Amino acid sequence: MKSPAMLSSLFNYNHNVLYTFLYKFSDGVAQGVWSAASMATYIYLLENNSTKYVGLAQGIQGTFVAISAIPAGWLADRFQRDRVLKCCAVASCGAIACTTAAVLLPQDLTVCIFGIAVDHKYLWLCVALALWGLGQGAGPVVEALLADSTRTGSRSRVYSIMFSAGLAGMSVGPCAAAATFAITGNAWHIQTLQHVILVGMVLAVVPILALLCFDDDHSLGAESNAVRHQAPPTRSPMSGKIAGQQRPRQFRSLSKKCVPYFLASSDVLFGLASGMTIKFFPIFFLKQVALPPISTNFILAGTPLCVAIMSQLASPIAQHLGRVPTILLLKLIGVSLMGFMGMFPEIWTKLGVIIPVYVIRTAIINSAAPLQKSILMDYVPKESRARWNSLDGVLIFGWSGSAFLGGILIEKFGFDFTFCITALVQGIGACFLIPLLLLVPRREAAHQPSDAVSTAAVAAAGSTSGFAATDTEVLADGQMSALDALEEAAEVADLEQPLLSNQSSPKTANLNYLGNSPARGSLDL
């Protein structure tokens with residue numbers, strides 16, 4: 001049997017990267033069984049077909065995700081990330097125990113809380129979902145450790161594989177659920193749902209074991225740092241002047257420190273909007289489309305595969321259009337399809353229309369996630385990645401809080417109104433990505449070792465007769481191409497004297513650029 005180190009060498013992936021793929025896949029399988037369609041429908045039937053109780057339970061889970069994610073991110077940035085992951089594994093073990101107890105309890109038991117009779121099973125399910133929320137604090141820490149274990153400039157590919165691994169698991173999970181329904185009965189009954197949830201609890205042990213295998217000692221050093229934001233001195237091919245010391249153009253006056261905040265703002269609005277509908281799609285298929293459990297689970301199984309395929313296609317598209325234009329295009333198409341579902345409820349009973357629209361909408365709008373995450377990790381310093389990733393917990397809190405609102409809206413106004421509100425809020429969220437068209441370069445920045453940086457800086461400052469860089473060289477994150485240098489030529493005319501100073505002292509040029517090099521270990525983003 002090959003050790004993890006041998007597997008890492010075989011597949012040319014870091015130890016933590018491999019276990020991230022395993023964790024995402026196995027967690028996707030488990031959640032695809034017990035959470036994708038089963039839990040929401042189970043609560044819906046348990047509480048007399050009430051969507052507001054479904055939303056309340058999801059709100060409790062989201063609250064505890066936020067409670068765990070922020071401290072987990074803070075602790076992971078100050079102490080060892082693998083220790084935080086072990087604590088999250090313990091919470092997940094408690095969640096399995098409580099979920100199993102809730103399912104096995106007799107259905108007619110009630111408990112009185114503040115004078116209100118509450119179903120005993122529902123109460124235990126809320127406790128279990130709270131513990132699942134605490135366990136989900138592992139997600140941001142896992143992704144931060146993945147970023148620390150991946151070279152800068154190659155994250156888009158790695159994050160796409162990670163995203164696809166999770167989606168593949170979420171596709172396998174509903175297939176396992178469908179097989180369980182085929183054995184126990186293809187009907188939406190509490191008893192059959194209980195069997196499916198118990199199968200999911202058994203499968204949930206695997207991602208817990210994966211969490212115990214992460215190791216901070218396998219993270220990388222400077223090659224996983226955030227990209228630099230100061231251009232190295234590069235010479236204009238026409239004027240011979242330094243283009244790396246130019247005064248910023250007007251559209252560059254907005255600091256690149258804002259990039260993570262624009263991404264977070266967009267995610268908050270998308271999360272709030274999605275929470276109103278996502279958890280209710282199984283109920284939508286049950287109530288409005290009249291699909292049996294096996295058919296619903298096969299739809300939920302096929303959707304992640306389509307998302308995985310789209311996410312892989314999005315990466316080469318982003319290489320041509322740029323990451324931000326690709327994200328905007330995908331999200332706007334997805335928002336339009338959500339609005340279409342809300343404005344034309346007559347298509348709900350037409351299986352040949354509603355199912356493709358749902359699948360295509362979900363695949364397109366979610367395929368931008370790895371690109372968006374890769375941008376965030378490129379613009380966040382290494383020492384604060386877990387904290388930024390922990391914002392996912394806040395997003396899930398808002399997402400789950402809006403799930404409670406969505407449950408009320410669906411009961412009062414119906415699915416069509418809720419779909420339209422979701423599309424409207426998501427459209428506003430997409431607007432926050434527009435400034436990134438000016439702030440994020442079209443090509444992904446690659447890590448450049450400090451000795452290579454020094455050589456490039458000296459070459460740029462050491463000759464007035466030639467252009468140091470080749471035509472095909474793409475400079476990282478704000479570094480300038482020949483076309484950019486031409487556009488800047490008029491703005492750097494007054495820098496000729498600093499140019500001569502740098503020419504007379506290549507060491508000075510070195511120091512000027514290395515001020516923001518990865519060799520410093522921390523960046524002023």
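The values are calculated or read from the model by the stated rules, or taken from the named source; none is laboratory data. Bear in mind that the values here come from a model prediction, so they are computed numbers and not experimental data. No Cβ is skipped: glycine too gets one built from the backbone with ideal geometry, and neighbour counts run over all protein chains shown. Heavy atoms of the whole protein, side chains included, go into the accessibility calculation; ligands, DNA and RNA do not. Shrake-Rupley method; radii C 1.70, N 1.55, O 1.52, S 1.80 Å.
The helices (runs of 4 or more DSSP H) falling completely within segment 51-149 that include 2 or more residues that are at pLDDT below 85 and open to solvent by 20 Å² or more (accessible area, probe 1.4 Å) map to 51-78. Of everything listed in (1) modelled with pLDDT of 65 or more; (2) within 30 Å of F280 (Cβ to Cβ); (3) open to solvent by 40 Å² or more (accessible area, probe 1.4 Å), the single unmet condition for L438 is (2).
Residues are listed down the side, and each one gets a yes or a no for (1) of a type in the set (S, T, N, Q); (2) buried (at least 19 other Cβ atoms within 10 Å of the Cβ); (3) over 22 Å from W132 (Cα atoms); (4) out of contact with any Phe, Trp or Tyr (no Cβ under 9 Å at 6 or more places or on another chain):
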residue: T180; (1), (2), (3), (4): yes, yes, yes, yes
residue: A187; (1), (2), (3), (4): no, no, yes, no
residue: I190; (1), (2), (3), (4): no, no, no, no
residue: H195; (1), (2), (3), (4): no, no, no, no
residue: L198; (1), (2), (3), (4): no, no, no, no
residue: A204; (1), (2), (3), (4): no, yes, no, no
residue: D216; (1), (2), (3), (4): no, no, yes, yes
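Residues that are in a helix (DSSP H, G or I), open to solvent by 10 Å² or more (accessible area, probe 1.4 Å), modelled with pLDDT under 90 and not aromatic (F, W, Y) do occur in segment 18-33, at least one of them.
Residue by residue, here is whether (1) surrounded by 20 or more Cβ atoms within 10 Å (Cβ to Cβ); (2) modelled with pLDDT under 90; (3) hydrophobic (A, V, I, L, M, F, W, C) holds:
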{"position": "S384", "(1), (2), (3)": "no, yes, no"}
{"position": "F397", "(1), (2), (3)": "yes, yes, yes"}
{"position": "A403", "(1), (2), (3)": "yes, yes, yes"}
{"position": "L409", "(1), (2), (3)": "yes, no, yes"}
{"position": "F413", "(1), (2), (3)": "no, no, yes"}
{"position": "F417", "(1), (2), (3)": "no, no, yes"}
{"position": "G427", "(1), (2), (3)": "no, no, no"}
{"position": "C431", "(1), (2), (3)": "no, no, yes"}
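Check segment 220-234 and report whether any residue there is on the phi < 0 side of the Ramachandran plot, of a type in the set (S, T, Y), at pLDDT 65 or above and open to solvent by less than 40 Å² (accessible area, probe 1.4 Å). No - not one qualifying residue is present in segment 220-234. The single condition among (1) under 19 Å from the mean Cα position of the chain (by Cα); (2) within 23 Å of S160 (Cα to Cα); (3) at pLDDT below 90 that S9 does not meet is (1).
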